[in-house]
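Okay, so here's the structure we're looking at.
The values are calculated or read from the model by the stated rules, or taken from the named source; none is laboratory data. Remember, it's a predicted structure, so these values are computed and weren't measured experimentally. Note that we place each Cβ from the backbone using ideal geometry, even for glycine, and neighbour counts take in every protein chain shown. Keep in mind that these areas ignore ligands, DNA and RNA; they rest on the heavy atoms of the full protein, side chains included. Shrake-Rupley method; radii C 1.70, N 1.55, O 1.52, S 1.80 Å.
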Amino acid sequence: MPDPQPDPFDALRSPIIPLAPDAAFAADLRDRLVRAVPTPTLREPPMTTETTNRPRNGVRSGDVSYITLGLPDLTRGRAFYGAVLGWRFSPGNSEHGAQVDDIVPMMGLWGGEQPTGGRVHGAVLGFRVDDISAAVAAVRAHGGTINDPHREVYAMAAEGHDDQGIPFYLHEMPSAARDTVSGDAGFHNGEVEGDVSYLTMVVPDLDAARAFYGGVFDWTFNIGRPGGAQVTGVAPQIGMTTQPETGPATPGVIVCYRVDDIAAAVHRVRDEGGQASEVAQRPYGLESLCTDDQGTPFYLHQF
Amino acid sequence: MSDDDRDVTALPDRPDVTLLTLYDRALPQVYGYLMARCGDRAVAEDLTAETFLAAAAVRTNVPPTVGWLIGVARHKLVDHWRWQARQERLLHAVEGSSSSSDDPWDVELDRLHAHDVLTRLAPQHRAALTLRYLDGLSVPESATALGRGVAATEALLVRARREFRHVYEGSNDA
């Protein structure tokens, strides 16, 4: 046998072929890892401005400081919004939550109970206030319900419902230098893809909502079409309506997201199991009403 | 998409990578590695979980990489087969083999059949052949992963190849 034989066993060489395991197994293992790994967000307040230097919690009292998107299934939410909007996530303070990296304002997906009990499918807004004790008193004076302020790792916080039952949070974040804050924070409609471009509050009674939010946050309004009102000077921009021109009239908050290429984004929504209306030209830009794969309504905007 | 097409095991990872940020990218690699070698979904899931949880327990400032996780997974696989071999040894003594020579074997292996044969070998033989041939480790590297000396590993490989050939040819004739 003088000829050097090729080793027949070389045929067994097996480069790694990636294989996705069962989704439930993957989600369960992630949860176990979140509990096992001490993460930076567990040690640092989540509500800090990131290296982008963009204010991510609003700048003025009444601005949106944080948005919690309550979803039935957190894992599916991460997959859907990651694919559609390019969101990347960091672990939240709980296994039920995931922080969205980098977008403005700060936002998190949440698959657990609300602080005041029950689950919400949809967005809950957090608002920054200069003085949370005064704000809590104002909420109660205007017919809302809210728990007492308590210290969270990121801020003094309180959670409640307005006088029509819509949930919201308060975060005490005093304006560092009130007089240096310009009248225009610059991020009213998002700067980059994935940012929040607009918030639509669907309320049963518009006059009651104006009285409540005007009374608590000193919001003022531009009255547009019948049944609608535009809040002036908040970031991101907020509109109130009893019935969106398109979209469901379920009381709560519908989030709008900015995208660079709405046609491509609409394809991604459909590819990921969501639904998207045909893109419509609006005075402010291109718009599509969508629902994610768990039935959560949202809008896409291309300006 | 293009990220997934690259050979991520070869890429140096960003310094701010943590096990959790790496998870989505690493999970299919680790699971794919284990599933292709043990061929059993429940075992692959168990070993995948053990791999990540063991990695989470490591306290280091060095950011994790997919390649490092595959190394952890390989150890978990060897541990699994070692445990399996111990269980089987309780049932029947492993037949001693006096011969330590390799007869040349001129054959072109049928990959599907070959992988099926692997699953029927004694666990310690399956482990040795997997590390040496499926993973392409050198004999000294295989020895390290197996926790044996190089000479003992050489001898183990001889016995493993012989058992493989015996089963491969026997089942071909059947």
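Key figures for this structure:
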{"read-out": "Anisotropy class of chain A from Cα gyration tensor, a/c 1.5 cut", "value": "prolate"}
{"read-out": "Beta bridge orientation in chain A: antiparallel %, DSSP, nearest 5", "value": "75"}
{"read-out": "Gaussian network model of chain A, Cα within-10 Å springs - most flexible of A:ALA11, A:ALA155, A:ALA135", "value": "A:ALA11"}
{"read-out": "Estimated 222 nm signal from helices in chain A, with DSSP H stretches of n ≥ 4 weighted -39500 (n - 2.57), rounded to 500", "value": "-6000 deg cm²/dmol"}
{"read-out": "Peptide-level mean, for A:17-25, of C-beta atoms on other protein chains within 10 Å", "value": "6"}
{"read-out": "Fully extended contour minus Cα-Cα distance, from A:ASP207 to A:GLN164, at 0.36 nm per residue", "value": "14.4 nm"}
{"read-out": "Net +/- balance of residues flanking B:ARG120 in space, Cβ distance below 11 Å, scoring K and R +1, D and E -1", "value": "-1"}
{"read-out": "Inter-site label distance for B:GLU108 and A:ALA23 at 7 Å from Cα along Cβ, in nm", "value": "4.3"}
{"read-out": "Computed FRET value (nearest 0.05) for A:ARG13 with A:PHE303, which takes r as the C-beta separation and R₀ as 56 Å", "value": "0.60"}
{"read-out": "Charge context of A:ARG128, other residues only, Cβ under 10 angstrom, K/R +1, D/E -1", "value": "-2"}
{"read-out": "The range B:106-143: trypsin sites (Lys or Arg not before Pro) falling in loop per DSSP and having at most 15 other Cβ within 10 Å", "value": "B:ARG120"}
{"read-out": "Cα-centred dipole magnitude for the range B:98-174, charges only on beta-carbon of K, R (+1) and D, E (-1), debye, nearest 20", "value": "360"}
{"read-out": "Inter-label distance for B:HIS75 and A:GLU113, nm, one decimal - labels placed 7 Å from Cα along Cα-to-Cβ", "value": "4.0"}
{"read-out": "Shape call, the range A:74-115: gyration tensor on alpha carbons, a/c limit 1.5", "value": "oblate"}
{"read-out": "C-alpha center-to-center spacing [the range B:18-39, the range A:209-288] in angstrom", "value": "40"}
{"read-out": "Derived scalar couplings ³J(HN,Hα) [the range B:103-109; Karplus, 6.51 cos²θ - 1.76 cosθ + 1.60; whole Hz; x for Gly, Pro]", "value": "7, x, 10, 9, 8, 9, 6"}
{"read-out": "Size of charge dipole - chain A - debye, nearest 20, with Cβ of Lys, Arg +1 and Asp, Glu -1, no other charges", "value": "360"}
{"read-out": "Extension gain from A:ALA249 to A:GLN275, taking 0.36 nm per residue of separation minus the Cα-Cα distance", "value": "7.6 nm"}
{"read-out": "Förster-model FRET efficiency, 56 Å R0, A:ALA141 and B:ALA54, C-beta, rounded to 0.05", "value": "0.50"}
{"read-out": "Area hidden from solvent between B and A (accessible, protein heavy atoms only, 1.4 Å, total, Å²)", "value": "3100"}
{"read-out": "Dipole-positive endmost among A:GLN164, A:ALA276, A:ASN147 within the range A:139-289 (Cβ charges, Cα centre)", "value": "A:GLN164"}
{"read-out": "Net charge contributed by nearby residues that have their C-beta within less than 10 Å of A:GLU272 (K/R +1, D/E -1)", "value": "0"}
{"read-out": "Cα-based shape type of the range A:241-282, given that a ≥ b ≥ c are square roots of the gyration tensor eigenvalues and the cut on a/c is 1.5", "value": "prolate"}
{"read-out": "Charge dipole of chain A about the Cα centre (unit charges at C-beta), most positive-ward option of A:ASN222, A:PRO91, A:CYS256", "value": "A:ASN222"}
